[in-house]
Amino acid sequence: MIRDYQRSACYAWEDRHIHPNDTGTVPFEQAQAIVDYVWRTAGLAYPPKIRPLARTARTFQATATRLWISIPKAGIKSTVLLHEIAHSMTSDAMGEQSHHHGPRFVGVFMRLLYDHIPTFSLDALAAAAKNEAVDFNFDGPIQSACPFFERWAPSFVLVNELGRPVRSPMTAHERANLVRFRQKSLR
């Protein structure tokens, strides 16, 4: 397991320099449209699906994987939603690789803030991150970490109206191919 070495520093940087400037709330019902737009403008296919955050999740404002983003039914700040989208963009579909709050994640998050919220300057975000000792980089394009999964993603991300996963329509043959691909990629 990879250690999330700068999680505290990243959250402190966000609390001091990013979230105070965000006074609005994105309603739950509009969040999927925003995720779809951000994903599409990054040139990616198969955006993660929005689902309600469990009522028992008291320590998180939101949480994300490559496949889904859980947010409160009451809505979410746009900067927090972009934070979770950055997690989805820097995680693979199998959940085996994630940049957590590392330099690549912070770089993607800064880029999303700059691209989608006009009040943020990339220079100011970078200067604040340096002052807070938060590592970041902008290396490489944002892309899916698993091209085979992207091909079959629609069958994996089906959810019902409550945001809960439903049985995948993948055939046994397709599942076997996915397992074989996953085993080859781990070698």
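The values are calculated or read from the model by the stated rules, or taken from the named source; none is laboratory data. Quick caveat, the model's predicted, so the values are computed rather than measured. Methodologically, a virtual Cβ is constructed for each residue, glycine included, from the backbone with ideal geometry; neighbour enumeration extends over all protein chains shown.
Counting the residues of region 1-25 that are outside any helix (DSSP H, G or I) and buried (at least 18 other Cβ atoms within 10 Å of the Cβ) gives 3. Scanning region 64-75 for residues that are among the hydroxyl-bearing types (S, T, Y) and modelled with pLDDT of 90 or more returns a single hit, S70. Given the structure, is A45 under 14 Å from L82 (Cα atoms) and small (G, A, S)? It is false that A45 is under 14 Å from L82 (Cα atoms) and small (G, A, S). The set of residues in region 14-49 that are under 15 Å from Q61 (Cβ atoms) and aliphatic (A, V, I, L, M) comprises I18, V26, A31. For region 18-46, a residue qualifies if it is of a type outside the set (G, A, S), farther than 14 Å from K77 by Cα and in contact (Cβ under 8 Å) with a residue 40 or more places away in the chain, and the qualifying residues are V38, W39, T41, L44, Y46.
Take region 31-57 and flag every residue that is surrounded by 14 or more Cβ atoms within 10 Å (Cβ to Cβ), assigned to a helix (DSSP H, G or I) and not aromatic (F, W, Y). Residues satisfying the conditions are A31, Q32, I34, V35, D36, V38. Where helices (runs of 4 or more DSSP H) fall wholly inside region 80-166, the ranges with 1 or more residues that are at pLDDT 80 or above and buried (at least 20 other Cβ atoms within 10 Å of the Cβ) are 103-116, 122-131.
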